[in-house]
Amino acid sequence: MRVSDAHRVLFVHVPKTGGSTLDSMIDEEVVDARKVQGCTRHTGFARLIEAEPELASYWACGFVRNPFARMVSWWSMAVRFGERLDAGGQLQKRKMRRHPEIWEPLVRYRDSFDRFVLEGTQEVPRLSLPQVSLLSAGDRQVEFVGRLENFVADTNVLRERLGLEPIDELPRRNPTSHGHYSEYYDDATRKRVAEVYAPDIEAFGYTF
């Protein structure tokens, strides 16, 4: 999540949609970039407006991603985090100490993608939260919803609002390495993601 008061822009950071890359871009190129006090990096649109009512008049945007691909990316991140934690990684230890409510549940289901989907989406609230809910406040949705699948072109829409020159490429931060998402699914996991993220599938037209 980032705000530019000069440009009256609010960026809402939906997890696993390229948001870390966009946060860094804004920090590096927008002079007055700031965060909203008392809110986390993944705080949703409604809560941000509640924290700062003036933001309701800003141009707001966020990015989404195919839910089936997003779940694979999320699981891959949990696996990598758990491996580094087991190896004594200091960064992972600090994150676990500071935010055990985020990392402990994700690591708990890293042993199996099937468990991550079938059990994790029942036990870990973050994993069952549709993306569209983070980009909505009552009947209002953010003005622009970019897509990870069209990342550079949609990032340029945000850049224009921030008074920045368009770019031809934008290297991703925190990418996960894995095969094509379709290789990870069976009928049960595919059905579960379709159920959990039905609002995203309907709102954004995503398919398996």
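Odds and ends about this structure:
- Only a single item in (1) outside any helix (DSSP H, G or I); (2) of a type outside the set (Lys, Arg); (3) out of contact with any Lys or Arg (no Cβ under 8 Å at 6 or more places or on another chain); (4) on the phi < 0 side of the Ramachandran plot is not met by VAL72, and it is number (1).
- Contact map, the stretch 134-145: residues that are at positive phi paired with residues that are at pLDDT 95 or above and of a type outside the set (Phe, Trp, Tyr), Cβ distance under 6 Å, separation 6+ or inter-chain. No pairs are found.
- Any hit, the stretch 94-112, residues being among the hydroxyl-bearing types (Ser, Thr, Tyr) and without any contact (Cβ under 8 Å) to a residue 12 or more places away in the chain: yes
- Residue match in the stretch 47-61 (condition: assigned to a loop (DSSP other than H, G, I, E, B), in contact with a helix residue (DSSP H, G or I) (Cβ under 6 Å, 6 or more places away or on another chain), at negative phi and crowded, with 19+ Cβ neighbours inside 10 Å): no
- Among residues of the stretch 1-38 being under 17 Å from the mean Cα position of the chain (by Cα) and surrounded by fewer than 17 Cβ atoms within 10 Å (Cβ to Cβ), the one that is farthest from GLU165 (Cα to Cα) is LYS35.
- Just one of the listed residues (GLU104, GLU165, GLU183) is charged (D, E, K, R) and farther than 30 Å from ASP86 by Cβ, namely GLU165.
- Among (1) of a type outside the set (Asp, Glu); (2) farther than 26 Å from MET25 by Cα; (3) outside any loop (DSSP other than H, G, I, E, B) - the single one TYR206 does not satisfy: (3)
- GLU202 without any contact (Cβ under 8 Å) to a residue 24 or more places away in the chain and farther than 22 Å from HIS13 by Cβ: yes
- Of note, GLY146 does not satisfy the criterion of being within 23 Å of GLY62 (Cα to Cα), exposed (fewer than 13 other Cβ atoms within 10 Å of the Cβ) and among the small types (Gly, Ala, Ser).
- Count of residues meeting criterion [over 22 Å from LEU129 (Cα atoms), among the hydroxyl-bearing types (Ser, Thr, Tyr) and free of Cβ contacts under 8 Å to residues at least 40 places away in the same chain] in the stretch 21-78: 0
- Check on PRO130, at pLDDT below 95 and under 19 Å from the mean Cα position of the chain (by Cα): no
- Checking VAL152, VAL72, VAL64, VAL107 one by one, the residue that is over 24 Å from ALA46 (Cβ atoms), at pLDDT 95 or above, of a type outside the set (Ser, Thr, Tyr) and surrounded by 17 or more Cβ atoms within 10 Å (Cβ to Cβ) is VAL72 and no other.
The values are calculated or read from the model by the stated rules, or taken from the named source; none is laboratory data. Since we're looking at a predicted model, the values are computed, not measured. Cβ sites come from the backbone with ideal geometry, for glycine too, and all protein chains shown count toward neighbours.
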